[in-house]
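Structure first, then comments.
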Amino acid sequence: MKHASDLSRRRLLLGGAALGAGALLTACTSNETDEPSGGAQTVAAGNNANAAPGQKVVIGFSAPAADHGWIAAITNNAKAQAGTYSDVEFKTVEAGADAAAQRAALQTLIAQKPNVIVLLPHDGKELNAFGLEAMQAGIPVVNLDRAFPDALAYRLQIKGDNYGMGVSAAHYIIDQMKAKNVASPVIGEIAGIDSLELTQERSKGFADTLTQAGFRVANRRAAEFTADSGQREAASLLQALPKMDALWNHDDDQGIGVLAAITQANRSEFIMVGGAGSKAAMEAIQADNSVLKATVTYSPSMASSAISLARLIGQNKGMSDLVELQVPKEIILASETITKENASNYLKLGF
Amino acid sequence: MTATTTAPVQEPEKHAAAKQSWWRDDSTEQMRRNLGLVGVLAVLIVIGIITKPELYSDGTWVRNNIFTILELASVIGVVTVGMTFVIIGGGIDLSVGAIIALAGVWSTTLATQDFGPGGMIFCALAVGIGVGVVNGILIAYGRLVAFIATLAMMVAARGLAAQISGKQTQVSTSSFINGLAANDFLGVPVLVYILAAVVAAGWVLLNRTTFGRRTVAVGGNVEAARLAGINVKRHTLLLYALSGLCCGIAAVMLTSQANSAQAAMANLYELDAIAAAIIGGTLLSGGRGTIIGSLLGVLVFSTITNLFAINNLSTEVQNMVKGGIIVAAVLIQQVQFKSLSQFFSKNKITTS
């Protein structure tokens with residue numbers, strides 16, 4: 001009996017400790033900052049003719065659940081941009097985990113009879129049929145970033161330029177190498193998830209442009225768009241190239257890990273170019289205290305633009321700077337190069 | 001690998017006169033397995049020297065490269081120590097990668113970072129142990145199959161991690177945590193010390209304590225262990241808690257390496273850890289395995305990764321080779337240590 005009571009006291013203590021730790025831990029899940037969080041990329045309704053409130057437009061929106069800073073920024077931007085218009089009603093549906101779930105969610109969206117649908121599909125090919133269906137039902141579809149293969153499936157396609165990202169990064173590196181008089185530079189590349197088409201396009205643009213200048217990629221490692229995989233691959237790459245002149249990293253989110261690996265290896269003899277254009281990367285470029293000297297954009301601001309254009313489509317208006325009376329059918333954003341000189345202009349677009 | 005396969009062919013004949021030859025003795029079997037893995041490591045390094053002589057001729061580079069390989073192995077090595085215990089105890093833990101992500105994310109929230117590095121480390125370890133205990137309760141007392149319970153935990157823990165982080169990458173601002181990966185102590189990276197400490201602790205726990213003996217007993221034959229008076233349920237729970245603790249340590253290490261944590265981190269670490277334990281000679285059905293073997297398994301994989309990186313070969317080829325090595329290692333171990341020795345002892349009987 002004595003033994004049993006000992007045990008229960010010990011259990012009580014252990015249980016109490018576990019509960020205490022649990023209570024402490026649940027207090028630790030907060031991510032609230034004290035500063036007000038702005039950050040969304042909106043453009044204030046300017047003073048052109050299109051800005052004036054017009055016919056009411058209901059915009060339905062769907063994007064995959066965010067597992068990455070870029071996708072999160074897409075959803076936030078769309079919401080914020082819609083908020084700037086008094087004549088826009090914004091209806092969003094969770095896209096779920098895969099293409100099938102997004103399709104089901106979109107069916108409920110159609111039932112709410114929106115005037116325009118803005119859609120970042122899980123997979124352009126898999127959601128193509130939905131685009132056709134919605135267009136046939138008379139609802140214009142704005143296809144965001146991941147393209148539908150069928151031209152009948154969208155009213156407007158707005159997307160980034162993956163090939164152009166590689167080209168911009170290569171141009172910056174070529175210019176820098178020429179300025180430094182490096183005849184045959186050692187160039188490294190840290191790509192994103194290698195099985196994705198967008199990664200292949202980025203790498204192709206990079207390699208093609210370098211080849212034109214007579215340069216080549218000495219070593220290429222593929223990470224997984226996460227900081228820890230970026231660190232792992234960068235550590236290997238730095239070990240493989242004891243002396244390097246330039247490095248292009250496809251994604252600024254995984255770049256956190258790449259920069260960590262560079263600090264851990266005590267290396268600083270090369271220049272690094274980032275990709276996508278996160279706020280942290282822009283601030284590092286502006287501060288100019290690391291190897292990161294530039295980043296090439298693939299901006300989630302395209303979601304804000306997509307909402308603006310969807311509104312114009314809903315109101316049957318054109319873009320006021322163009323002669324045409326309707327919004328064009330396809331817009332591909334240019335991949336811009338952010339350096340120390342112009343970083344301050346881009347900071348508001350960082351995610 | 002050739003060096004290790006030719007050796008057993010001659011050895012048994014030489015010692016055939018002695019009834020208990022060194023090569024066939026059961027007590028040294030694990031040592032022979034480990035020697036085989038050391039042989040594989042040596043072959044990989046020789047391939048490295050042949051393919052990149054200009055790099056290997058530089059002494060400082062070689063030294064740095066050894067530390068790079070060890071640092072690459074450090075996080076997965078710590079996870080594998082916990083995994084080895086669980087597998088020896090007859091279970092499996094598919095949730096290790098997800099526990100690392102959850103512990104990493106939880107310990108890098110702004111609220112936790114306010115408590116400083118001590119608070120962050122406590123949080124990571126507590127979350128790791130906590131999730132491990134939940135796994136253990138589900139499996140030991142809820143009678144769920146380990147595969148199912150930890151599979152469910154894998155999905156759920158990553159979901160919770162994504163929820164807490166708001167799907168963002170959380171940057172660690174603690175210079176102490178980030179310094180773990182960046183700093184050396186007496187010329188050796190701090191992460192390597194942590195790996196060494198965990199491996200040493202794991203070795204002592206498995207080989208020199210009743211806890212370790214009980215683990216082998218439970219994994220070898222649950223019913224016999226129960227009849228021998230071992231509290232099998234409590235022991236199983238402790239094994240998963242131990243695995244969770246290792247994941248908590250690994251989460252701190254990985255956070256320091258990447259200077260950040262996110263819900264998608266430590267992707268597929270469960271498979272890497274299981275693979276390393278298996279080629280290290282741990283029996284998937286439980287009851288047998290060593291910490292040193294698992295460590296060698298991890299080192300083989302990180303040496304391959306390093307070899308492929310310095311030769312600029314793609315990740316796809318690397319994954320194919322990894323798969324091949326897992327199969328080859330298990331096949332060689334079976335053929336080499338069971339069939340071959342049986343084959344030769346039979347031959348001896350028939351010919352003499």
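The values are calculated or read from the model by the stated rules, or taken from the named source; none is laboratory data. None of the values given here were measured: they were computed from a predicted structure. When we count neighbours, we look across all protein chains shown, and the Cβ atoms used for this are built from the backbone with ideal geometry, even at glycine.
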B:Gly116 passes all but one of the listed conditions (1) within 12 Å of chain A (Cβ to nearest Cβ); (2) more than 28 Å from B:Ile278 (Cβ to Cβ); the exception is number (1)
Exactly one of these conditions fails for B:Ala196: (1) modelled with pLDDT under 90; (2) surrounded by fewer than 17 Cβ atoms within 10 Å (Cβ to Cβ). Give me its number. (1)
Could we say that B:Met253 is within 14 Å of chain A (Cβ to nearest Cβ), in a loop (DSSP other than H, G, I, E, B) and either in contact with a His (Cβ under 9 Å, 6 or more places away or on another chain) or touching a residue at least 24 places away in the same chain (Cβ under 8 Å) (or both) here? no
Single residue of A:Asn345, A:Asn316, A:Asn289 found to be part of a loop (DSSP other than H, G, I, E, B) and closer than 27 Å to A:Asn249 by Cβ: A:Asn289
Suppose the filter is facing chain A (nearest Cβ under 10 Å), hydroxyl-bearing (Ser, Thr, Tyr) and within 23 Å of B:Ile76 (Cα to Cα); does B:Thr215 pass it? no
One residue is enough: does region B:163-174 have a residue meeting the conditions among the aliphatic types (A, V, I, L, M), assigned to a helix (DSSP H, G or I), at pLDDT below 95 and in the same structural domain as B:Leu296 (by TED's automatic domain parsing)? yes
Of the residues in region A:212-239, those that are facing chain B (nearest Cβ under 8 Å) and of a type in the set (Gly, Ala, Ser) come to A:Ala218, A:Ala222, A:Ala227, A:Ser229, A:Gly230, A:Ala235, A:Ser236
Under 6 Å between Cβ atoms, at least 6 apart or on separate chains: pull out the pairs that start in region B:224-235 with a residue that is free of Cβ contacts under 8 Å to residues at least 12 places away in the same chain and end on any residue that is of a type in the set (A, V, I, L, M, F, W, C). B:Ala225/B:Ala217; B:Ala225/B:Val218; B:Ala225/B:Val232; B:Arg226/B:Val232
Given (1) more than 14 Å from every other protein chain (Cβ to nearest Cβ); (2) crowded, with 21+ Cβ neighbours inside 10 Å; (3) at pLDDT 90 or above, A:Asn249 misses just (1)
Given the structure, is A:Gly274 crowded, with 20+ Cβ neighbours inside 10 Å, within 17 Å of the chain's Cα centre (by Cα) and modelled with pLDDT of 90 or more? yes
Looking at the structure I just gave you, is B:Ala124 under 17 Å from the mean Cα position of the chain (by Cα), within 14 Å of chain A (Cβ to nearest Cβ), modelled with pLDDT of 95 or more and part of a helix (DSSP H, G or I)? no
Every residue in region B:127-137 that is of a type in the set (Val, Ile, Thr), more than 9 Å from every other protein chain (Cβ to nearest Cβ) and more than 17 Å from B:Leu254 (Cβ to Cβ), please. B:Val134, B:Ile137
Selection count where residues are in contact with a strand residue (DSSP E or B) (Cβ under 6 Å, 6 or more places away or on another chain) and buried (at least 18 other Cβ atoms within 10 Å of the Cβ), scope region A:186-204: 8
